[in-house]
Amino acid sequence: MQQIQNKLRSGHWVVMGILNVTPDSFSDGGLFNQLDNALKHALQMQQEGADIIDIGGESTRPGAQPVSLDEELNRVIPVIEKIREFTDVAISIDTSKPEVMQAAIKAGASMVNDVNALHAEGALEICANYNVPVCLMHKQGNPQTMQDNPQYADIVDEIRQYLMARAGTCIKAGIRRENIFIDPGFGFGKTLENNLSLLKEMQQFCTLDYPVLVGLSRKSMFGMLLERDVEQRLVASVSAAVIAYQKGARFFRVHDVADTCDALKLCAAVT
Ligand code: 9MG
């Protein structure tokens with residue numbers, strides 16, 4: 001993980017490959033539910049250039065139902081243990097549950113990616129005690145209802161304020177400043193117009209004190225804008241990563257690792 005933080009500090013880009021181990025994930029449809037498939041997919045993403053693999057056992061897509069603690073643990077912990085048998089690639093745990101954070105860290109994860117920005121009771125303490133990097137993401141509402149009628153007076157300002165306040169809370173709880181990443185949370189309680197404003201104004205997040213992680217890959221905003229099904233969103237996803245890069249983002253959470261790495265290499269070569 002230190003290597004990744006060093007890369008970001010020196011202005012290099014970093015790619016986080018998505019490994020969903022849910023039956024109703026954003027776009028995998030449960031394909032990677034089996035251990036061996038999950039391992040193969042993680043190794044392939046590593047080989048394609050992913051610096052870190054983000055493993056999640058609870059879908060956060062709009063309308064998704066919550067899963068129990070036991071179910072989430074049963075989905076993600078064996079996958080982390082399996083990957084650890086074969087490679088020391090960095091692993092991030094995509095969860096909002098402190099118990100899952102702790103079990104995942106013990107099993108070999110070295111970062112916490114929380115779409116709930118460590119709001120659950122005990123989450124701040126776990127991340128501070130284990131001294132792990134955390135990604136704090138903004139969302140309005142929860143996955144069941146967040147797309148119903150999101151409202152913002154000034155979306156960029158509101159999200160900047162929220163992320164800075166959350167980072168302050170993390171620091172007060174003992175999380176080190178250099179372990180904090182921020183994320184505007186594309187698609188989480190945002191209309192198409194909101195998402196486009198965030199991408200257009202990405203530089204306003206990249207000039208804050210913390211590295212910005214962006215998750216644009218295959219998001220429904222591209223479905224709405226382009227009328228593309230999830231498997232037809234590669235060009236839009238990679239293009240959005242390029243736009244975000246040009247506005248200062250360096251940390252990208254993606255499904256299509258090889259294609260995104262090609263595009264980011266080109267960006268870096270001309271920057
Ligand atoms: C888990 N997850 C789904 N979408 C995401 C996004 O945009 N950012 C982060 N950090 N995590 C996400």
task = Could you tell me what percent of the accessible area of segment 1-129 is made up of carbon and sulfur, with a 1.4 Å probe and every protein chain present?
result = 47 percent
message = Taking all protein chains in place and a 1.4 Å probe, what share, in percent, of the accessible surface of segment 152-217 do carbon and sulfur account for?
response = 49 percent
request  = Any chance you could count the Lys pairs in the chain whose alpha carbons are under 17 Å apart, treating pairs 8 or more apart or on different chains as valid?
outcome  = 12
query = Using 1/(1 + (r/R0)^6) with R0 = 30 angstrom and r between the beta carbons of Ile171 and Gln3, what's the FRET efficiency to the nearest 0.05?
reply = 0.80
key: Mean separation of Cα contacts under 8 Å, 6 or more apart, over the residue count of segment 174-259: relative contact order %   = 34 percent
request  = Have a look at Leu213, Leu196, Leu226 and tell me which one the Gaussian network model of the chain (Cα, springs below 10 Å) gives the largest fluctuation.
outcome  = Leu226
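Can you give me the orientation-averaged projected area of the convex hull built on the Cα atoms of segment 229-271, in nm²?
For segment 229-271, the mean projected area of the Cα convex hull comes to 2.9 nm².
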query = With no solvent and one point per C-alpha, what does the Debye sum give as log10 I(q)/I(0) for segment 132-271 at q = 0.09 Å⁻¹?
reply = -0.27
query = Where only protein heavy atoms count, and the probe is 1.4 Å, what is the accessible area per residue for segment 57-215 in Å²?
reply = 42 Å²
Cβ-Cβ FRET estimate between Leu208 and Thr145, R0 fixed at 30 Å, reported to 0.05 = 0.60
ask   = By how many nm would the segment from Met224 to Glu193 lengthen if fully extended, with 0.36 nm per residue of separation less the alpha-carbon distance?
value = 10.1 nm
ask   = Taking the simple approach of a point 7 Å from Cα along Cα-to-Cβ for both Lys265 and Glu231, what is their distance in nm?
value = 2.7 nm
ask   = Given segment 1-143, what whole percent of its Cα pairs are spread farther than 20 Å?
value = 44 percent
key: Rounded to whole Hz, the Karplus (6.51, -1.76, 1.60) HN-Hα couplings of segment 262-271, x for glycine and proline   = 4, 5, 6, 4, 5, 4, 5, 5, 10, 9
query = Does anything in segment 176-206 have its amide N under 20 Å from the 7 Å Cα→Cβ label point of Asn131, and if so which residues?
reply = 176-181
remark   = Using the Kirkwood radius over Cα pairs of the chain, the Stokes-Einstein translational diffusion coefficient at 10 °C and 1.306 mPa s, in µm²/s and rounded to a whole number, is 86 µm²/s
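For Lys82 and Gln44, compute 0.36 nm times the residue count separating them, minus their Cα-Cα distance, and round to one decimal in nm.
Going from the current span to full extension adds 12.2 nm.
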inquiry  = So for segment 125-271, averaging the separation of alpha carbon pairs under 8 Å that are six or more residues apart and normalising by length, what relative contact order in percent results?
reply    = 22 percent
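The values are calculated or read from the model by the stated rules, or taken from the named source; none is laboratory data. A quick note: this is a predicted structure, and the numbers were derived from the prediction, not measured. Heads up, the Cβs are rebuilt from the backbone with ideal geometry, glycines too, and the neighbour counts pull from every protein chain shown. In case anyone asks, the SASA skips ligands and DNA or RNA and just uses the protein heavy atoms, side chains included. Shrake-Rupley method; radii C 1.70, N 1.55, O 1.52, S 1.80 Å.
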